[in-house]
Each structure stands twice: as structure tokens, then as C-alpha cells.
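Working notes for the structure below.
The values are calculated or read from the model by the stated rules, or taken from the named source; none is laboratory data. Predicted model, so just to flag it, every value in this text is computed and none were measured. Using ideal geometry, Cβ is built from the backbone for each residue, glycine included, and neighbour counts are taken over all protein chains shown.
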Amino acid sequence: MDWEFDGEIIEWRGPAPFLFVDLDPELSADVKSAARGLEYWGQVAVEAVIGDTRFTTALFPKDGRYLLPVKAAVQQAEQIGEGDVVQVAMALRLPR
């Protein structure tokens, strides 16, 4: 299953500041349904593209929706940061 969406980059503080794209509740529900049986500890493995940068990561569950982590390498390559709105293409990473 593939998705394309626009989202704002937000900061969520843990032990260190991290940047994420917040998936809206409707998209999060769609991902949760498509990923049934693929989750581990509530996370969902995905491959994502922002700009020209393709990367793998795992969606974090938070407050009934998912957050897409935006790696520092992606932030630097695409010159993006907190508050920017980015276009994301995303697909589930299926087990091999």
C-alpha cells in the first residue's frame, strides 16, 4: 500500500529533540488497517521519500495516530526543519 500526503514537520522531545511528520488521524487509521500483523511494539516499518531523498524508518504511535521520523540526514539533504510543510510518499516495508 502506498500513500502520498503533505505534512508539517514538528518537534517532539524525548531524550533529545526529534523531528517528525504528523500523520492525520484518517491516514493513521488507514495505515494501521493496512499494517495489521506487521507492527512491532506498535511501530510500523515504512520506506518514505521526501524531496529526492528515500529512506527507511518506522512510524511511531502517539495519541492514536502515527509520527513519521525525519532523520537528520534527510533534514540536511532536503534543507528542511521544524515548521516546514513537506510532501511525503510512503509505503509499508513488507517482510522478505
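Listing for the model above:
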{"quantity": "Positions within the stretch 47-96 being among the charged types (D, E, K, R) and touching a Gly at 6+ places or on another chain (Cβ under 8 Å), in sequence order", "calculated": "GLU78"}
{"quantity": "Filtered residue count, the stretch 29-55, keeping only those that are more than 17 Å from VAL86 (Cβ to Cβ) and of a type in the set (Ser, Thr, Tyr)", "calculated": "2"}
{"quantity": "Residues of the stretch 52-68 that turn out to be assigned to a strand (DSSP E or B) and free of Cβ contacts under 8 Å to residues at least 40 places away in the same chain, as a count", "calculated": "8"}
{"quantity": "For THR56: the one exception among (1) more than 12 Å from the chain's Cα centre (by Cα); (2) surrounded by fewer than 16 Cβ atoms within 10 Å (Cβ to Cβ)", "calculated": "(1)"}
{"quantity": "Scope the stretch 65-81; condition over 14 Å from the mean Cα position of the chain (by Cα) and of a type outside the set (Val, Ile, Thr); matching residues", "calculated": "ALA73, GLN76, ALA77, GLU78, GLN79, GLY81"}
{"quantity": "Residue in the stretch 18-26 that is among the aliphatic types (A, V, I, L, M) and in a strand (DSSP E or B) present", "calculated": "yes"}
{"quantity": "Single residue of GLY37, GLY51, GLY64, GLY42 found to be at positive phi and at pLDDT 95 or above", "calculated": "GLY51"}
{"quantity": "Given (1) in a strand (DSSP E or B); (2) without any contact (Cβ under 8 Å) to a residue 24 or more places away in the chain, number of the condition GLY37 does not satisfy", "calculated": "(1)"}
